[in-house]
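Contents: one structure, followed by commentary.
What follows is calculated from the coordinates using simple rules that are stated; it is not laboratory data. Everything numeric in this text was worked out from a predicted model, so none of it was measured. Using ideal geometry, Cβ is built from the backbone for each residue, glycine included, and neighbour counts are taken over all protein chains shown.
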Amino acid sequence: MKRIRLVVAYDGTNYCGWQVQPNGVTIEEKLNNSITELTGEIIHVTGASRTDSGVHALGNVAVFDTESSIPPERFAYALNQRLPGDIVVVSSDEVSSLWHPRHQDHIIKTYEYHIYNEKVPNPLKSRYSAYVSFPLDIELMKQGASYLVGEHDFSSFCNVRTNAVDTVRTIYDIEIWKAGPEITIRVTGNGFLYNMVRIIAGTLIRVGRKFYTPEKIRDIMEAKKHTSEGVTAPPEGLVLVKIQYEE
């Protein structure tokens with residue numbers, strides 16, 4: 001028996017998120033079915049990040065156990081022949097039988113939230129960015145984001161349905177930049193609560209629109225409770241860029 005690690009990229013538009021569920025097709029389901037077809041074994045992958053419906057990824061990570069004789073690095077090629085075009089295995093390798101994508105000592109996750117900021121929407125951007133028609137002041141957004149960097153209790157920035165017992169997380173860096181009408185918020189941290197990045201993005205958009213002052217971010221965080229003041233941005237703007245492990 002060997003454990004295979006996959007790095008997976010996908011367009012989440014047509015899927016009900018990562019995790020298998022009874023009411024829709026998911027990324028995990030497609031991977032399970034393709035690996036089962038390839039190996040002849042009943043396979044259930046374990047993912048690092050269970051992204052929501054409509055959320056995209058360039059570098060999610062998953063593992064599965066197999067007795068197949070296929071070389072570890074060849075799984076990527078073989079699976080890409082069976083998966084739909086909007087799911088791609090970027091790479092595959094063998095890891096220790098004890099290696100788990102969510103239970104490592106040092107994990108760094110990077111997400112990006114993409115905003116299309118123009119008077120009228122662009123249909124070519126609608127799958128991969130949230131549309132905001134009102135001007136956004138990114139300098140104010142940067143000031144607001146500065147209050148989020150570091151180790152904090154982010155209970156004000158997670159969905160009320162989160163099942164996390166510990167809501168303390170560390171954000172290492174938040175970068176915000178604009179290229180033409182497109183604004184990117186890049187957030188890097190050691191982990192994220194349910195909807196955390198989308199709530200951060202939605203709240204920063206309110207700062208950019210001058211509904212909130214930058215200091216409002218600090219006040220919301222210090223309240224340590226989920227309120228309507230933190231708005232969840234739409235899923236299509238979110239991309240899981242990469243997950244890094246210190247081996």
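Which one of Gly191, Trp18, Asn159 has its Cα pushed farthest toward the positive end of the charge dipole of the chain, where Lys and Arg give +1 and Asp and Glu give -1 at the Cβ?
Asn159
Treat every Asp and Glu Cβ in the chain as -1 and every Lys and Arg Cβ as +1, leave all other atoms uncharged, and give the resulting dipole magnitude about the Cα centre to the nearest 20 debye.
Here the chain has a charge dipole of around 680 debye.
Over the chain, what number does the Rg to Rh ratio reach, with both radii from the alpha-carbon atoms and Rh per Kirkwood?
That ratio is 1.00, to two decimals.
Show that you can apply the helix-only estimate: for the chain, add -39,500 (n - 2.57) for every DSSP H stretch of four or more residues, divide by all residues, and state [θ] at 222 nm to the nearest 500.
Mean residue ellipticity at 222 nm (helix-derived): -6000 deg cm²/dmol.
What are the GluC sites (Glu not before Pro) within segment 20-76 that DSSP puts in a loop, where the Cβ has at most 10 other Cβ atoms within 10 Å?
Glu67
Return a whole-number percent for the relative contact order of the chain, with Cα pairs under 8 Å and 6 or more residues apart as the contact set.
This gives 24 percent for the chain.
Which length gain, in nm to one decimal place, applies between Leu98 and Ser133 when the Cα-Cα distance is subtracted from 0.36 nm times their residue separation?
7.7 nm
Mind grabbing the base-10 log of I(q)/I(0) for segment 2-95 at q = 0.25 Å⁻¹? Debye formula, identical points on the C-alpha positions, no solvent, two decimal places.
Cα-only, vacuum Debye calculation for segment 2-95: -1.40.
Compute the orientation-averaged projected area for segment 99-149 from the convex hull of its Cα atoms and round it to one decimal in nm².
5.8 nm²
Can you work out the FRET efficiency for the pair Glu67 and His106, with r the C-beta to C-beta distance and R0 = 30 Å, to the nearest 0.05?
My answer for the efficiency is 0.50.
Looking at the chain as a GNM with Cα springs under 10 Å, which of Arg74, Arg50, Arg209 has the largest mean-square fluctuation?
Arg74
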